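The values are calculated or read from the model by the stated rules, or taken from the named source; none is laboratory data. These numbers were taken from a predicted model, which means no experiment stands behind them. Ideal geometry is used to build each Cβ from the backbone, glycine not excepted, and the neighbour counts take in all protein chains shown. SASA here: full protein model, heavy atoms, side chains in, ligands and nucleic acids out. Shrake-Rupley method; radii C 1.70, N 1.55, O 1.52, S 1.80 Å.
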Amino acid sequence: MSTLKKIAVFTSGGDAPGMNAALRAVVRTASFHNLDVYGIYRGYQGMIEGEIKKLSRGDVANIMQRGGTMLKTARSMEFMTKEGRKKAHDQLQKHGIEACIAIGGNGTFTGAQVFSEEYDIPFVGLPGTIDNDIYGTDFTIGFDTAVNTAVEAVDRIRDTADSHNRLFFVEVMGRHSGYIALHTGIGTGAGSIFLPEEDNSVEQLIKQLQKSAKRRKLFNLVIVAEGNQNGGAMEIAQKVTEKYSEYETKVTIIGHLQRGGSPTANDRLLASRLGYEAVVALMDGKQDVALGVVHGETAFTPFHDAITKSKQPKESMIRMAEILAL
Ligand code: F6P
């Protein structure tokens, strides 16, 4: 039997489509179990500043389909300090909050882990980031939507690229993670994909372009993850043009477009499931774990592992993308 009475939920770091669906599931599940649930606005910064409000079932009606996060979000520098965390703890105590659900990415989980080492308030985390770079889950909330948005954008770019026979370099998000780039590249049949995890070379790309030209194979699309070692799409396009001027090159940076928008059905389902499971996990006495879905099953990963173990696109998928592009 759980003795838990009051929990809080917040979103932190970069917003991701599906965060609202997760929030809805948390509030509805908590209400079902007669728990009071508080929303903390603006992530850890709002925790420090006491932006905390009780939520009812009705407060989360009609938000499932909305992108962004109703609770707002922030990247808090103050929470990284001991003093900041002390203020946050005082606020949680003031509201009688006994446990927290944190929805966010790596930085969010790091904050939760440090906090729980200092204070006795259980945290569970839900992986909410478009980057899909969290260890302990096959997919993060928001990734599917971001990829679908990027694929749709690239399809449009392809129409005009084909018409003019131009070479487009399209930059997608992912400072440290190539998942969005890889999945977008495979989903759009890109000729080449530049990832942060790969040591792609511009020379190799030029060779590929030359080969394609010889075979009269259409090659008009390169997907670049923003964190690639050669730089972003702009830099790579410039390097290519300097050495190989056969193609007219164009650059598109999709940017924050791919972080907004209505979540896909997959993201809504994942978020609903994990939001539900997070409340059950807290009631079961779980703490300091990140939730995820691995091979279809709910998985619990200690924050320490979720933060320190890396999750990268599979080598086999990268190889497959290369073969399909030949
Ligand atoms: O982590 C999500 C993400 O969208 C990354 O893909 C991107 O590099 C970063 O956030 C952008 O952050 P900001 O919106 O703070 O510039």
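One table, with the values for the structure above:
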| quantity | calculated |
| --- | --- |
| Residue match in the range 90-113 (condition: more than 24 Å from residue 291 (Cα to Cα) and outside the structural domain of residue 29 (by TED's automatic domain parsing)) | no |
| Enumeration of residues in the range 206-233 that are within 22 Å of residue 159 (Cβ to Cβ) and within 30 Å of the chain's Cα centre (by Cα) | 219, 220, 221, 222, 223, 224, 233 |
| Only listed residue being within 16 Å of the ligand (Cβ to nearest atom) and over 16 Å from residue 127 (Cα atoms), chosen from 226, 248, 242 | 226 |
| Selection status of residue 97, touching a Phe, Trp or Tyr at 6+ places or on another chain (Cβ under 7 Å), touching a residue at least 24 places away in the same chain (Cβ under 8 Å) and hydrophobic (A, V, I, L, M, F, W, C) | yes |
| Residue ID - farthest from the ligand (Cβ to nearest atom), chosen from residues in the range 179-210 that are within 20 Å of residue 248 (Cβ to Cβ) and open to solvent by 60 Å² or more (accessible area, probe 1.4 Å) | 210 |
| Sole exception among (1) open to solvent by less than 70 Å² (accessible area, probe 1.4 Å); (2) modelled with pLDDT of 95 or more; (3) over 15 Å from residue 131 (Cβ atoms) for residue 171, by number | (3) |
| Single condition residue 261 does not satisfy, out of (1) assigned to a helix (DSSP H, G or I); (2) within 20 Å of residue 184 (Cα to Cα) | (1) |
| Long-range neighbours under 7 Å by Cβ, at least six apart or interchain, first residue of a type in the set (Gly, Ala, Ser) within the range 47-65, second assigned to a loop (DSSP other than H, G, I, E, B) | none |
| Close pairs from the range 255-276: first within 22 Å of residue 290 (Cβ to Cβ), partner in a loop (DSSP other than H, G, I, E, B) and of a type in the set (Val, Ile, Thr), Cβ under 8 Å, at least 6 apart | 259/130 |
| Given (1) crowded, with 17+ Cβ neighbours inside 10 Å; (2) hydroxyl-bearing (Ser, Thr, Tyr); (3) away from the ligand (no atom under 16 Å from the Cβ), index of the condition residue 44 fails | (3) |
| Candidates 75, 66, 85 - the one that is in contact with a Gly (Cβ under 7 Å, 6 or more places away or on another chain), farther than 15 Å from residue 8 by Cα and in the same structural domain as residue 31 (by TED's automatic domain parsing) | 75 |
| Subset of the range 111-155 (residues that are closer than 17 Å to residue 75 by Cβ, among the small types (Gly, Ala, Ser) and in a helix (DSSP H, G or I)) | 111, 112 |
| Residue ranges of strands (runs of 3 or more DSSP E) in the range 174-253 with at least 3 members of a type in the set (A, V, I, L, M, F, W, C) and out of contact with any Pro (no Cβ under 8 Å at 6 or more places or on another chain) | 221-225 |
| Search result, residues across the range 156-173 that are more than 16 Å from the ligand (Cβ to nearest atom) and not in a helix (DSSP H, G or I) | 165, 166, 167, 168, 169 |
| Single condition residue 176 does not satisfy, out of (1) under 24 Å from residue 243 (Cα atoms); (2) under 16 Å from the mean Cα position of the chain (by Cα); (3) open to solvent by 50 Å² or more (accessible area, probe 1.4 Å) | (1) |
| Failed item in (1) in a loop (DSSP other than H, G, I, E, B); (2) of a type outside the set (Asp, Glu); (3) not assigned by TED's automatic domain parsing to the domain that holds residue 13, with residue 286 passing the rest | (3) |
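Residue-by-condition table, conditions (1) at pLDDT 95 or above; (2) outside the structural domain of residue 107 (by TED's automatic domain parsing); (3) crowded, with 20+ Cβ neighbours inside 10 Å; (4) polar (S, T, N, Q):
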residue: 251; (1), (2), (3), (4): yes, yes, no, no
residue: 275; (1), (2), (3), (4): yes, no, yes, no
residue: 279; (1), (2), (3), (4): yes, no, yes, no
residue: 291; (1), (2), (3), (4): yes, no, yes, no
residue: 315; (1), (2), (3), (4): yes, yes, no, no
residue: 326; (1), (2), (3), (4): no, yes, no, no
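So that you can scan it fast, the table gives a plain yes or no per residue for (1) surrounded by fewer than 24 Cβ atoms within 10 Å (Cβ to Cβ); (2) touching a strand residue (DSSP E or B) at 6+ places or on another chain (Cβ under 7 Å); (3) of a type in the set (Gly, Ala, Ser):
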position	(1), (2), (3)
68	yes, no, yes
73	no, yes, no
89	yes, no, no
101	no, yes, no
104	no, yes, yes
107	yes, no, yes
143	no, no, no
